[in-house]
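**Student:** This structure is in structure tokens; I'll ask about it shortly.
Only the coordinates and a few stated rules stand behind these numbers; no lab work does. Not measured: the values here are computed from a predicted model. Here Cβ is always computed from backbone atoms with ideal geometry, including for glycine, and neighbour counts include all displayed protein chains.
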Number of protein chains: 6
Amino acid sequence: MIERNAYIGGCDGVSAVSSAELIGEKPLGTMAHSLMICVGDEKKAFKAFNAAVEPEVRRVALVDTFQDEKFGALTAAEALGQKLYAVRLDTPSSRRGDFLKIMREVRWELDTRGFRDVKIFLSGGLDEYDILRYNSYADAYGVGTAISNAPVVDFAFDIVEVEGQPRAKRGKMSGKKQTFRCPECEARILAPFNDTEILCPCGGTGEPLLTQYIENGEIVKDLQSAQDIRRRVMSEIENRTIEPGA
Amino acid sequence: MIERNAYIGGCDGVSAVSSAELIGEKPLGTMAHSLMICVGDEKKAFKAFNAAVEPEVRRVALVDTFQDEKFGALTAAEALGQKLYAVRLDTPSSRRGDFLKIMREVRWELDTRGFRDVKIFLSGGLDEYDILRYNSYADAYGVGTAISNAPVVDFAFDIVEVEGQPRAKRGKMSGKKQTFRCPECEARILAPFNDTEILCPCGGTGEPLLTQYIENGEIVKDLQSAQDIRRRVMSEIENRTIEPGA
Amino acid sequence: MIERNAYIGGCDGVSAVSSAELIGEKPLGTMAHSLMICVGDEKKAFKAFNAAVEPEVRRVALVDTFQDEKFGALTAAEALGQKLYAVRLDTPSSRRGDFLKIMREVRWELDTRGFRDVKIFLSGGLDEYDILRYNSYADAYGVGTAISNAPVVDFAFDIVEVEGQPRAKRGKMSGKKQTFRCPECEARILAPFNDTEILCPCGGTGEPLLTQYIENGEIVKDLQSAQDIRRRVMSEIENRTIEPGA
Amino acid sequence: MIERNAYIGGCDGVSAVSSAELIGEKPLGTMAHSLMICVGDEKKAFKAFNAAVEPEVRRVALVDTFQDEKFGALTAAEALGQKLYAVRLDTPSSRRGDFLKIMREVRWELDTRGFRDVKIFLSGGLDEYDILRYNSYADAYGVGTAISNAPVVDFAFDIVEVEGQPRAKRGKMSGKKQTFRCPECEARILAPFNDTEILCPCGGTGEPLLTQYIENGEIVKDLQSAQDIRRRVMSEIENRTIEPGA
Amino acid sequence: MIERNAYIGGCDGVSAVSSAELIGEKPLGTMAHSLMICVGDEKKAFKAFNAAVEPEVRRVALVDTFQDEKFGALTAAEALGQKLYAVRLDTPSSRRGDFLKIMREVRWELDTRGFRDVKIFLSGGLDEYDILRYNSYADAYGVGTAISNAPVVDFAFDIVEVEGQPRAKRGKMSGKKQTFRCPECEARILAPFNDTEILCPCGGTGEPLLTQYIENGEIVKDLQSAQDIRRRVMSEIENRTIEPGA
Amino acid sequence: MIERNAYIGGCDGVSAVSSAELIGEKPLGTMAHSLMICVGDEKKAFKAFNAAVEPEVRRVALVDTFQDEKFGALTAAEALGQKLYAVRLDTPSSRRGDFLKIMREVRWELDTRGFRDVKIFLSGGLDEYDILRYNSYADAYGVGTAISNAPVVDFAFDIVEVEGQPRAKRGKMSGKKQTFRCPECEARILAPFNDTEILCPCGGTGEPLLTQYIENGEIVKDLQSAQDIRRRVMSEIENRTIEPGA
């Protein structure tokens, strides 16, 4: 479920095979440190990977296992030549004094030797702030922990109406309610359930959000696919300023 | 699992029936706001609860539904008299300006009218710092959200030895390892796997912590009960200062 | 004097009878907690007030004595119906966890039952920052303590001229002085007393502010009324940006 | 009243003649800047003061009017010789870069020339923190503004009992009350009015503080003199740690 | 060297005779405190300076030796009349409570007596932030300590190429390099040494900055004069926003 | 002079040949990165150094040029075996994410392979706070920049006496002075020049610090050697709490 939500929220893909099946996409990933450790030599490991893996998979070399990233990137370039698509820096945090400067060196050394098209991938303990910081050098990111948990959202079930009469405890608003979404500005507006039309302060007309999915125990409406939900999320992020409703 | 861990970590009990079964204890709890809302009157609700519930259950009246806590507590005292064991304040956060002062008033009004033995229970959005703050008036706490999540603990599987030789990537210490616990000071000490005796800086002799539970697919050692683990945790908390090992 | 100054500074009215006489206005106010406490029941107290007070006085019900504000407001609506002009929330600080949320609930419950015209008044420990914060729900404010004191303004009498010659101690500017006010930008400009015309940096021509009120022991000029001073203060606040003069 | 309170709170004396009468002490003070400004020369002014004022008044020379304090102190020493009791530094804040350093220089220059017994008095915008800071050089302080105002203390009259029954609004504790003072630790303890004996947590026995001063319109008990109150205040400050009561 | 750098960086002149020779300018300066202390009286000292120094030197009176600046400035005006060009305030830090207010007083007292053309010079422990703060009253500044030291700039010599092949340690970029300056936006751009043309992001074309001054042990290009360097520095400061290059 | 002062202040030695001569000690140092870069391979460079340098020089291998420190240390151990005295980590700041963790790994890997006696030296941008932080793993430090500059100490020459009479400007204490040092507590005490005995507040008797080194143009007293000064500095640091004198 974590990987499905990450995908819906805008990630390009997931690496676990069963997660990929769930969302209907192909799994994506690069080589692991264990390959280098078992082979014992980075150059040999890059060549072994290249010999064994099907040609349509892009060659992304993991360059921080035994060597400094700058020399690891040069080793990958020597081993794979023009087949090298990207280098991945999973630099341990104890060696990450100025990650931007490490990337800049890797970029410079690759460029100096003619590998201007090789991309730089980052992974390891990255969050949304790191990504903003590293965008001037990095071309892609592998994010794990920062996306795999979230603050708890407190919620409660409350009785707000008894036999048609509004009744609620202190701290709760009484009566059955509807939430409207304004299609113009994405605002959410709370209103009594029987209000049928809500005018948004922005001028738009609110559309009710509560929808019946189950009737008499039967599912009466299809759920959206992960792709459709993701598309809507991306469109909301790109096209609108979403304000918290009333 | 959350409730099992809460119990192991020192909570007195849990309210979900299946969780209680899992840990081998009886479930515990008090009345809900929905009782008051359905009945529509706090006094009647307290009396109905008293009439319906078996006598060995302690009468803990929830006193914040419709009334201010101070008057709610007096209503409970009038309704249940000497049977009243405790009042529970689940005060909504919007009314929690100075919770300690509200408790002090409840305590004063109960005392003034002779209910010195009635206890005060708190619930609702409490964490460990609140508990320290409210201990001078509160006798028990119901804690939910603050205990139901935790920061993610990052971990990774790493190859550290290949065919008996230590080998590890940058940022990891090579070789198979053992962790020792010092029985004197509870320190944890990391050492190469073949070290058989470790002297703790405090003077104690470390005991190895890695234990084999499965051999050839067979479970060869019993798991501890929740009660036993809880007992050990409580004893470690009470008797020792635990320092992070090397 | 405090109430006169509050009125001059822009307050709508005062509640003490003698203060009102001093400034030439009618006193304003609402009911007190003592009414509810002596009657012992909020609904009865609202009805007694309504029966006893002359009809031209607006019915403003104090709704926080025994009940939560949300239920107090509903009680006032039931007791006074369409005669209810406003509810006053003097919520004790110990119950003021999120005052804005309490007001929002009161507003919602009144609206849901058709009392959209009933206003919300606030009182109790409010200052100018609270007012900015609560304006989205509150219609009027009763302010006491925050307006009844002020930081001490240090001042000193200094000799700055002896027999027509400028002479002053270290730290003081010598010579008799005039203060001019620029009618364009309200700046105050300090100048030697004999300067008769001062050009303000904004382009306006300064007008001298020192005026003789007493001559040979006789008052030779009328003092302004509180109403006139208030009008000038309000006009300065509304129309201009006042900068400290040189 | 301000000066009476300052005296009660521990000040040595007051300068206004009517205030001194009110508290039954002689007024105290030194010369003013206006003397120097009218005379136009510090040395002449010191000599004129010396010639005119009765011999039992101590000669305290104000040394910051026209000159730097260091040279002003030397001028006073030259003018008054062994009659000089103290110099007063009322240094304007614009010249008070490092007041301690100015005092140190004044002390050094006086000492170098044999005036080791001349004291240093400070005045001008001093508060309790300044006094702690300047104690290593200053021998006395004249304090005005810092002592002439205080934060407003909010209080309210509340009905807490109706016809012998405890009844109070939300946020107030019901019932008539007595305050006890513990003679051992000065703690104040609040209790129901009919409690006749209160044991303080420190072990002492509380003494009731409410005392009847008026009976049937007659004053039946003498008020304490300012001297007596001051003595008690000084003794409480010196001998005890006063904790806020319950 | 310090004074040469200060001049190059924009100072108007220097006071040490040999520094002035080095940069090819006349030395500048005002009178010293020692003059006043030896003469023992500020007025006599100002007159002696006026009598002794050649007429083309501007009369700048140092006014803080024995007197408060306000009275010192008046003494200078009395002694030198219309010959007084400026007063210099070297106020000791222990008397510098509010330097701006001291200047304002000096300005006021001079103006009141008709000395509107006399300028105010400041000196003593000033830095660039003080200058921004004092500009509304001060006409010139004497700066010493703040300009005579700077944070250490760390640098290192590194081998980056061996026999024509780029080779550098971790943390350094390999290969011989050229730095270009963009004449449009003053950006500095680092590039491999053989790059002959660099396009700046602003659209300008970078010009190489490395220039040969010594060939076969002979100086083959003249060094710029201090005046020329200063002119270029001032022009860069005035006309452009300089951003750090890549 | 910088290196002489560093030595006097407690450093063990200096690396520049002429500095070492000045202080009368042998220069100390380790290999440079240029050796590795010219040889092009760390192992070969370590062996070349070992072959070329006289046997009494301790073998300190610089292990951060091309490799990660952990593997560099293992390379040094392989190349030099039991001759290896220490490894030096001059880790570039861009790779210094958690320097303590890097040292811990180096220590672990060396220990695991039996090199428990090999020491760890640190260098590169270290200051006194780093040294406190790294002491648990590091055995020696090479410090440069942090010791090569200091904040400017402002000072001024002032006339304080004219023809035997004390006279000084505002802000300075007049008269010729002596400084005494208390041999008990190292306090410095300022006093008029003719005071011959000063009692320190600690009870000690102050000794005058001003000493004549030149008389009639002749040096009449020997200067102390760097060794002697260093010995006194170390002794003052170790044995006493030095307070700033009056």
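**Student:** Pairs of Cα atoms under 8 Å, at least six residues apart: use those to get the relative contact order of the stretch C:161-239, whole percent.
**Tutor:** 19 percent
**Student:** How long, wide and thick is the protein assembly as shown, going by the Cα atoms along their three principal axes, in whole angstroms, largest first?
**Tutor:** On the principal axes, the protein assembly as shown reaches 113, 112, 69 Å in Cα extent.
**Student:** Please report the Cα spread of the stretch E:31-147 along all three principal axes, rounded to whole Å, starting with the longest.
**Tutor:** Its Cα atoms span 37, 31, 27 Å along the three principal axes.
**Student:** For chain E, take the longest principal axis of its alpha carbons; what is the angle in degrees between that and the long axis of helix E:42-52, to the nearest 10 within 0 to 90?
**Tutor:** With both axes taken from Cα atoms, the answer is about 70 degrees.
**Student:** List the residues whose amide H sits under 5 Å from the amide H of residue B:28, counting only those 5 or more places along or on another chain, with H placed 1.01 Å from N in the peptide plane.
**Tutor:** Those qualifying (amide H under 5 Å, at least 5 residues apart or on another chain) are B:14, B:15.
**Student:** Additional query: How far apart, in nanometres, would the label points at residue C:11 and residue A:194 be if each is projected 7 angstrom from Cα along the Cα-to-Cβ direction?
**Tutor:** So the label points at residue C:11 and residue A:194 sit 4.5 nm apart.
**Student:** Next up: What number comes out for the charge environment of residue F:193, summing +1 per Lys or Arg and -1 per Asp or Glu over other residues with Cβ under 10 Å away?
**Tutor:** 0
**Student:** Please report, to one decimal in angstroms, the Kirkwood hydrodynamic radius of the stretch F:101-246 built from all distinct Cα-Cα pairs.
**Tutor:** The answer is 20.6 Å.
**Student:** What share of the DSSP beta bridges in chain B is antiparallel, in percent to the nearest 5?
**Tutor:** 50 percent
**Student:** Another question, if that's okay. Check residue C:119: other-chain or 5+ apart residues with amide H under 5 Å from its amide H, H built from backbone geometry?
**Tutor:** C:86, C:87
**Student:** Taking the Cα-to-Cβ direction at residue E:157 and at residue F:238 and moving 7 Å from each Cα, how far apart do the two end points lie in nm?
**Tutor:** Spacing of the two 7 Å Cα→Cβ label points: 3.9 nm.
**Student:** If you count, for every residue in F:36-46, the Cβ atoms of partner chains within 10 Å of its Cβ, what is the mean?
**Tutor:** Across the residues of F:36-46, the mean count of other-chain Cβ atoms within 10 Å is 2.
**Student:** Would you mind checking E:43/E:83; A:169/C:70; A:47/F:70; C:172/E:101; E:70/E:101 for any pair whose Cα atoms are more than 21 angstrom apart?
**Tutor:** Listed pairs above 21 Å: A:47/F:70.
**Student:** Output ³J(HN,Hα) for the stretch A:222-232: one whole-Hz value per residue in order, computed from phi by the Karplus curve 6.51 cos²θ - 1.76 cosθ + 1.60 with θ = phi - 60°, and x for Gly and Pro.
**Tutor:** In residue order, the calculated couplings are 6, 7, 6, 6, 4, 4, 5, 4, 4, 4, 5 Hz.
**Student:** Another question about this same structure. Under the rule that a partner needs its Cβ under 4.7 Å from the first Cβ, which Cys of chain B have none?
**Tutor:** When partners are defined as cysteine Cβ atoms under 4.7 Å apart, chain B leaves B:11, B:38 without one.
**Student:** Compute the longest continuous run of chain E that contains no exposed GluC sites (Glu not before Pro); treat a site as exposed when its DSSP state is not H, G, I, E or B and it has at most 14 other Cβ atoms within 10 Å.
**Tutor:** Here the longest segment lacking exposed loop sites spans E:57-162.
**Student:** Sticking with this one: List, in order, the whole-Hz ³J(HN,Hα) value for each residue of the stretch A:82-87 obtained from phi through the Karplus relation with A = 6.51, B = -1.76, C = 1.60 and θ = phi - 60°; use x for Gly and Pro.
**Tutor:** Calculated HN-Hα couplings, in order: 5, 6, 5, 8, 7, 10 Hz.
**Student:** What is the distance, in nm, between label points placed 7 Å from the Cα along the Cα-to-Cβ direction at residue F:100 and at residue C:225?
**Tutor:** Roughly 7.6 nm, to one decimal.
**Student:** Still on this model: 5 Å is the cut-off here: which amide hydrogens, built 1.01 Å from N in the peptide plane, fall below it relative to residue A:177, excluding neighbours closer than 5 in sequence?
**Tutor:** Distant-sequence amide H within range of residue A:177: A:193.
**Student:** Just need the relative contact order of the stretch C:31-147 here, percent rounded to a whole number, with Cα pairs under 8 Å and 6+ apart.
**Tutor:** Dividing the mean separation by the residue count of the stretch C:31-147 yields 21 percent.
**Student:** Output the Cα-based Rg and Dmax of chain D in Å, rounding Rg to one decimal and Dmax to a whole number.
**Tutor:** 25.4, 79
**Student:** Could I ask something else about it? Using just the helices of chain F, give the 222 nm mean residue ellipticity in deg cm²/dmol: DSSP H runs with n ≥ 4 each add -39,500 (n - 2.57), and the total is spread over all residues, rounded to 500.
**Tutor:** One gets -9500 deg cm²/dmol as the mean residue ellipticity at 222 nm.
**Student:** Any idea what Rg and Dmax come out to for the stretch E:173-239 if you just take the C-alpha atoms, in Å?
**Tutor:** Looking at the stretch E:173-239, its Cα Rg and Dmax stand at 14.4, 39 Å.
**Student:** Nearest 0.05, what FRET efficiency do residue D:147 and residue D:53 give at R0 = 22 Å with Cβ-Cβ as r?
**Tutor:** 0.25
**Student:** Measure out, as a whole number of angstrom, how far apart the alpha-carbon centroids of the stretch B:1-76 and the stretch F:177-204 sit.
**Tutor:** 77 Å
**Student:** Give the angle, between 0 and 90 degrees and rounded to the nearest 10, that separates the Cα long axis of helix C:69-80 from the longest principal axis of the Cα atoms of chain C.
**Tutor:** So the helix axis and the longest Cα principal axis differ by about 70 degrees.
**Student:** Using the Cβ atoms and a cut-off under 13 Å, what net charge is assigned to the surroundings of residue A:150, where Lys and Arg are +1 and Asp and Glu are -1?
**Tutor:** Value of the local net charge: -3.
**Student:** Can you compute the charge dipole magnitude of chain F about its Cα centre, using +1 on each Lys and Arg Cβ and -1 on each Asp and Glu Cβ, nothing else charged? Give it in debye, rounded to the nearest 20.
**Tutor:** The calculated dipole for chain F is roughly 520 debye.
**Student:** What is chain E's relative contact order, in percent, from Cα pairs under 8 angstrom and six or more apart in sequence?
**Tutor:** 14 percent
**Student:** Still on this structure: Which of the listed residues, A:157, A:182, A:126, is farthest toward the dipole's positive end in the stretch A:110-210, when Lys, Arg count +1 and Asp, Glu count -1 at the beta-carbon?
**Tutor:** Checked the options; the winner is A:157.
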